[in-house]
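A short worksheet on the structure shown next.
We did not get these values from a lab; they are worked out from the coordinates using the rules stated. A quick note: this is a predicted structure, and the numbers were derived from the prediction, not measured. Neighbour counts are summed over all protein chains in view; Cβ atoms, including those assigned to glycine, are modelled from backbone coordinates with ideal geometry.
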Amino acid sequence: MFKRVLLKLSGEFLAPDTGFGISPERTAALAQRIISALEGTGVELAIVIGGGNLWRGTRNGQGMDPATADYIGMLGTVMNAMALQDAMEAGGKPTRVMSAIQMQAVAEPYIRRRAIRHLEKERVVIFGGGNGAPFFTTDTTSTLRALEIGADVVLMAKNKVDGVYDADPQKFVEAKRLDNLTHLQVVEQRLAVMDATALTLCMDKGLPIVVFDIFEEGNLRRLFSGERVGTLISTPQP
């Protein structure tokens, strides 16, 4: 059973059917799913959420300086973090947003020891603003923050994808789900789990990853309770 968990969410989970913006209803439903899954488990939860529902640097920032486009995307992650915080607290769960880009009127500055203290007090901590520097994805931010706070695992939440497959299951009916993989196998087989920088860091530090469908009823609760769900990516320790 995991004691401390880093949950990586996609910004699209908050979006309406158009795929752009923030839907208060969907945000509230996601928050309630997380709160219900946590109840009674004793799991300490940190979250990193992307900003793709508001801004994608490579697409929305065409013609812009790449660093500027990335900084705009980081601001988008703070907006999503604030929206999720509002929904979590409306559901009765104390939550803190910590931003790598200082904006003290709306979020606490990211301080590692303070983040750990929030977790110890059973507050959910949402990390916004990426890692404060351009050219890094929220996958990398998830890995960095997980290692900094001493998380046991990174949970990569997906929608309608219940793990890692040997081929695209939406294109190939014969695609098989892989229940167990090593970090090196993911690299060698070029499986789309997370970006290469994040994956290499997980491999170097022996940080497990679980890829799962967060919208499959009960999945998150089962993970928090120590059950096997989705695909586990780990490196056996010598």
(request) As a check on your grasp of the helix formula, calculate [θ] at 222 nm for the chain: sum -39500 (n - 2.57) over DSSP H runs of n ≥ 4, divide by the residue count, round to the nearest 500. (result) -11000 deg cm²/dmol
(request) Collect residues whose amide H, placed 1.01 Å from N in the peptide plane, falls under 5 Å from the amide H of Gly50; neighbours closer than 5 in sequence don't count. (result) Leu9, Ser10, Gly11
(request) Read phi for every residue in the range 193-200 and hand back ³J(HN,Hα) as whole Hz from Karplus 6.51 cos²θ - 1.76 cosθ + 1.60, θ = phi - 60°, with x for Gly and Pro. (result) 10, 7, 5, 4, 4, 5, 5, 5
(request) Can you list which of the trypsin sites (Lys or Arg not before Pro) found in the range 1-45 are DSSP loop residues with at most 14 other C-beta atoms within 10 Å? (result) Lys3
(message) Loop-only GluC sites (Glu not before Pro) in the range 14-108, please: DSSP not H, G, I, E or B, and at most 13 other Cβ atoms within 10 Å.
(response) Glu39
(message) As a test, work out the antiparallel percent of DSSP beta bridges whose residues both lie in the chain, rounded to the nearest 5.
(response) 15 percent
(message) List the lysines whose Cα sits under 24 Å from the Cα of Lys160, skipping any in the same chain fewer than 8 residues away.
(response) Lys8, Lys171, Lys176
(request) Could you tell me which of rounded, prolate or oblate describes the range 14-62, using a ≥ b ≥ c as the square roots of the eigenvalues of the alpha-carbon gyration tensor, with rounded for a/c under 1.5 and, failing that, prolate when a/b is larger than b/c and oblate otherwise? (result) oblate
(message) Which residue fluctuates most in the GNM of the chain (Cα springs below 10 Å): Thr18, Thr27, Thr140?
(response) Thr18
(request) Can you tell me how much longer the chain between Ala105 and Lys176 gets when fully stretched, taken as 0.36 nm per residue apart minus their C-alpha distance, in nm with one decimal? (result) 20.8 nm
(request) Please turn the phi angles of the range 107-121 into ³J(HN,Hα) values with the Karplus equation 6.51 cos²θ - 1.76 cosθ + 1.60 (θ = phi - 60°), one per residue in order, whole Hz, x for glycine and proline. (result) 8, 6, x, 6, 10, 3, 5, 5, 4, 4, 5, 4, 4, 5, 8
(request) Could you work out which residue, out of Asp65, Asp213, Asp166, moves most in a Gaussian network model of the chain, that is, has the largest mean-square fluctuation with Cα springs under 10 Å? (result) Asp65
(message) 5 Å is the cut-off here: which amide hydrogens, built 1.01 Å from N in the peptide plane, fall below it relative to Leu178, excluding neighbours closer than 5 in sequence?
(response) Val164, Tyr165, Asp166
